[in-house]
Structures are given as structure tokens and as C-alpha cells.
1. Report the gain in length on full extension from A172 to D49: 0.36 nm times residue separation, minus Cα-Cα distance, nm rounded to one decimal.
2. Give me the one-decimal nm value for the distance between modelled label points at T13 and R100, 7 Å along each residue's Cα-to-Cβ direction.
3. Enter the Cα centre distance for the pair the stretch 65-144 and the stretch 22-50, rounded to the nearest angstrom.
4. How far apart, in nanometres, would the label points at A41 and A85 be if each is projected 7 angstrom from Cα along the Cα-to-Cβ direction?
5. Compute the signed sum of charges (Lys and Arg +1, Asp and Glu -1) over the other residues within less than 14 Å, Cβ to Cβ, of R63.
6. Kindly identify the stretch 77-144 as rounded, prolate or oblate by the Cα gyration tensor criterion: order the square roots of the eigenvalues as a ≥ b ≥ c, call it rounded if a/c is under 1.5, otherwise compare a/b with b/c, prolate if a/b is larger, else oblate.
7. If amide hydrogens are placed 1.01 Å from N in the peptide plane, which non-local residues have theirs closer than 5 Å to the one on A12?
8. On the Cα set of the chain, report Rg and Dmax in Å, please.
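Read-outs: derived from the displayed coordinates by stated rules, not from any lab. Quick caveat: nothing in here was measured; it's all calculated off a predicted structure. Positions of Cβ are generated from backbone atoms using ideal geometry, with glycine treated the same way; all protein chains shown enter the neighbour counts.
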Amino acid sequence: MSDRARILVVAATARELAAPDAWLTLRCGVGPVEAAARTAAAIAALRPDAIVQVGIAGARRSRALAPASLVIGTEARYCDSNVPAEWAPSTVHASAALLRAVQRALPHAVTLSIGTSARVGGTSDCDVEAMEGFGVLRAAQLAGVPAIEVRAISNEIEEHDRARWHFDAAFAAITAVTPLLVRAVREGLSDA
């Protein structure tokens, strides 16, 4: 299955998506709602074997992650919801097989929970913050498709001046590593 697996790489924006080379891509839009809706539609249309959600993210100043550092998500936490878990989940775990494969491929990347919020600075109890991960991973979970989130750090969450964010370095880091992520995910599927 590994050489023929259909991998869908999902990112919010075109700048976060590497040019496809034997994988499918989806620009899901910004925020958890757009990400969930567009990912669910893509899953129904494309029937991928696995999903790799990529993009840029902020990190808490106290975590001291340098710009362009890579973070592998163990789970995506939806920080905008405060309803009981039996009404709607607020955490989706990455596929264990994909997590192991990506950790082997990126041994220097940090492995952490990644918070999802529709607003910048909207996460709590997470050292890394993004806007789409939970939506993508939840759509994948409901469809029974293994998924994982990987981010490149662009800024400190506490830094409000976007002119001080390192967009170019983060975009370059995530697009450069995407081919490696796709290979790792294919290996993870064959090991599962």
C-alpha cells in the first residue's frame, strides 16, 4: 500500500502548500470551520488513505521555539469550545502509526499538543497555536482516515506586531519538509 497510498496534504493557504508530487493537496481556508467543512468535502470526493495537515503556527514565548522550528502534533485541541465532551469532543489525537513515522523522519522536531482557535491568541493550555488543525483532524476522524498535523513556527503568540512575525521562514520550512512528511506517512501506513 505504501507506494500507492493516496495522501492528502491540507493547508489553510497556498503559501503553506508545497507543489504536489505524487500527493493530493487541499487549500482549506483559514479557521476551524472552513477547515472542517472543506476537508470533509475533500475526503468524500478524493477518498484519501491519510491526511497530513501542514502550516504555520505561533508558539508561547516561554517555550522558546525559534522561527521555522517544526512541531509534530500529538493531538489537536479545540480551544474555542467549552461544552462537555459528550456533547462535542475538543481533542483529536494524531494517528499513532503516523505519529511514530513522522517522529522517525523528523527526529529534531518538537512533539506537542497543538491548540486550535479561530482567533490569534485564543488558545489556552497549549504551547503551540494554529487555526485549522482540529477541524482537519476531526473531519478525518469522523471519516476513519488517519491524520496528523505538522507546523512550522512563525511567531510568538504574545507578539501582536505581525511585522515581527517570520512568515517567510515558516512558509519555507513547512513546504521544504512536505515531501519528507508524505514519504513518512506512506511508511507509517504500511507499518500499521
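1. On the way: separation 123, 0.36 × 123 = 44.28 nm, distance 2.61 nm.
Working it through step by step, the gained length comes to 41.7 nm.
2. Result for the modelled spin labels: 3.6 nm.
3. 16 Å
4. Roughly 3.2 nm, to one decimal.
5. On the way: positive: R60, R61, R151; negative: D125, D127, E129, E156, E158, E159.
Every neighbour counted, the sum reads -3.
6. Working: a/c = 2.35, a/b = 1.35, b/c = 1.74.
Because a/c hits 1.5 or more and a/b fails to exceed b/c, the stretch 77-144 counts as oblate.
7. Hits under the 5 Å cutoff: C28.
8. 15.1, 46
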